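The values are calculated or read from the model by the stated rules, or taken from the named source; none is laboratory data. Quick caveat: nothing in here was measured; it's all calculated off a predicted structure. Don't worry about glycine lacking a Cβ; one is built from the backbone with ideal geometry, like all the others, and counts go over all protein chains shown. Areas reflect the complete protein model, heavy atoms only, side chains present, ligands, DNA and RNA absent. Shrake-Rupley method; radii C 1.70, N 1.55, O 1.52, S 1.80 Å.
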Amino acid sequence: GLSALFAAILRADLRLLAEGRIAEGTVREVKVSRSQHGTHRTMHYDFQTMSGTRVSGKCGTSKHGPAEGSQIVVVYDSESPKRNKPYPCRLVTTVRS
């Protein structure tokens, strides 16, 4: 069950990378929350699609992630811009050749 979920997430990330559009985004806010399970950081960002629509997104980030006001690269689905992720995606890494 867990491996099927991981595979589905990876396929979705790969499809977004292969078919998605690229936009420049701005980190609006980084929220830090603490619980009994540790510290969690959530990055909220905004970007503009090629058609001019303003879209917001959020994702988890590390302690060393971008700061508020930073520029980031966002990959989004042109048919459903709410489906977006900062680049590079967590499960996909870049390879230099």
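Evaluate the following for GLY25: is it under 28 Å from ALA67 (Cβ atoms) and in contact with a strand residue (DSSP E or B) (Cβ under 8 Å, 6 or more places away or on another chain)? Steps first, answer last, please.
Values: under 28 Å from ALA67 (Cβ atoms): yes; in contact with a strand residue (DSSP E or B) (Cβ under 8 Å, 6 or more places away or on another chain): yes.
Against the criterion (under 28 Å from ALA67 (Cβ atoms) and in contact with a strand residue (DSSP E or B) (Cβ under 8 Å, 6 or more places away or on another chain)), GLY25 qualifies.
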Exception for LEU5 within (1) hydrophobic (A, V, I, L, M, F, W, C); (2) under 14 Å from PRO86 (Cα atoms); (3) open to solvent by 70 Å² or more (accessible area, probe 1.4 Å) falls at (2)
In segment 59-74, what residues are modelled with pLDDT of 90 or more and over 17 Å from PRO88 (Cβ atoms)? ALA67, GLU68, GLY69
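Of everything in segment 40-59 that's in contact (Cβ under 8 Å) with a residue 24 or more places away in the chain and over 13 Å from TYR76 (Cα atoms), which residue is least open to solvent (accessible area, probe 1.4 Å)? Let's see the steps before the verdict.
Filtering segment 40-59 for residues in contact (Cβ under 8 Å) with a residue 24 or more places away in the chain gives 41, 43, 45, 47-50, 53, 55-57, 59.
Those still in the list that are over 13 Å from TYR76 (Cα atoms) too: 41, 43, 59.
On the way: ARG41: 64, MET43: 8, CYS59: 35 Å².
Ranking the candidates gives MET43 first.
Kindly provide the set of residues from segment 60-83 that are free of Cβ contacts under 8 Å to residues at least 40 places away in the same chain, closer than 21 Å to ASP13 by Cα and either open to solvent by 40 Å² or more (accessible area, probe 1.4 Å) or in contact with a Leu (Cβ under 8 Å, 6 or more places away or on another chain) (or both), ordered by number. First the steps, then the outcome.
If we filter segment 60-83 for residues that are free of Cβ contacts under 8 Å to residues at least 40 places away in the same chain, which is where we start, we get 60-66, 79-82.
Adding the requirement that they be closer than 21 Å to ASP13 by Cα leaves 60-62, 65-66, 79-82.
Residues satisfying the conditions are SER62, PRO66, GLU79, SER80, LYS82.
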What strands (runs of 3 or more DSSP E), lying completely within segment 1-80, carry at least 1 residues that are of a type in the set (Lys, Arg)? 21-35, 38-48, 54-61
